[in-house]
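K.L.:
Here it is: the structure, laid out below.
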Amino acid sequence: MTHSTSTTSRPISRVPLNMSFLVAMALFVLPFVNIRCMYSQQRVTGVQLVTGFENSNDFMGIGNRSLERNQSNVGKRTQPNVFAILALVAGIAGFGVSFSSSRKAGQWCFAAALAGVTALIILFIDIKSSVKKIDLGDLGKSNEMNLQLTAEFTEWYYLCVIAFAVSAYFARRYMLAVNKVLLLRELDLPSTGSGTAHSGASGTDGTIQDDQTA
């Protein structure tokens, strides 16, 4: 019976958790938001939101001398967004912890994934609010010009939010599987089925270590 149990049991795989965090981080190199003003736009990547970026020369949309009073925003460097930084840091932290064999790795990854989702949602609100506060002067009040500054978030931003949410899902599954294995170990029972693990796993599979003894 022991032999049959050992052949049907298998270790916990951390690959889905690793990959979901990796995808979330990789999406930062793609455009997250398009800032539009009439006929021109500036595409800003997640990395640029983290490091800061310079407004393009035609950012205001029209090369007109009457825009001189509103040129304070043109060519000006936008400072790094703290919420974009927090989201990327959460992704890096979650990805790093996902390789840990600690029994609390799933909990920390779950917390990192939730932090990433939360930071990205607040980033959305913050940018939308910041764009509305930009003063376009008299031209912004002209009905003929219809000069409006808008921020449109791209599909890459939403995919990044989804990637963090998927990371939270896999982190929770990993956390529950680890807790089940630890419970079976305390009861001195063999772990069976597709969602269980044995303590002898290594490599990309989960080797569970007790934090008190690790």
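K.L.:
Skipping prolines and chain starts, which residues have an amide H placed within reach, meaning under 5 Å, of the one on Gln148, given they are 5 or more residues away or on another chain?
P.N.:
Result for Gln148 returns Met38.
K.L.:
By how many nm would the segment from Leu176 to Gln79 grow when fully extended, if each residue of separation counts as 0.36 nm and the alpha-carbon distance is taken off? It would help to have the intermediate numbers written out before the result.
P.N.:
Numbers: separation 97, 0.36 × 97 = 34.92 nm, distance 4.06 nm.
Separation in residues times 0.36 nm, less the Cα-Cα distance, equals 30.9 nm.
K.L.:
Here's another thing I want to ask about it. Quick one: Leu184, Leu176, fewest Cβ neighbours within 10 Å first, how do they rank?
P.N.:
Numbers: Leu184 16, Leu176 12.
With the fewest neighbours first, Leu184, Leu176 line up as Leu176, Leu184.
K.L.:
At what distance in nm do the modelled label points of Val15 and Lys132 sit from each other, each positioned 7 Å from its Cα along Cα→Cβ?
P.N.:
Simple spin-label model gives 4.6 nm for this pair.
We did not get these values from a lab; they are worked out from the coordinates using the rules stated. Remember, predicted model here, so these are calculated numbers, not experimental data. Note that we place each Cβ from the backbone using ideal geometry, even for glycine, and neighbour counts take in every protein chain shown.
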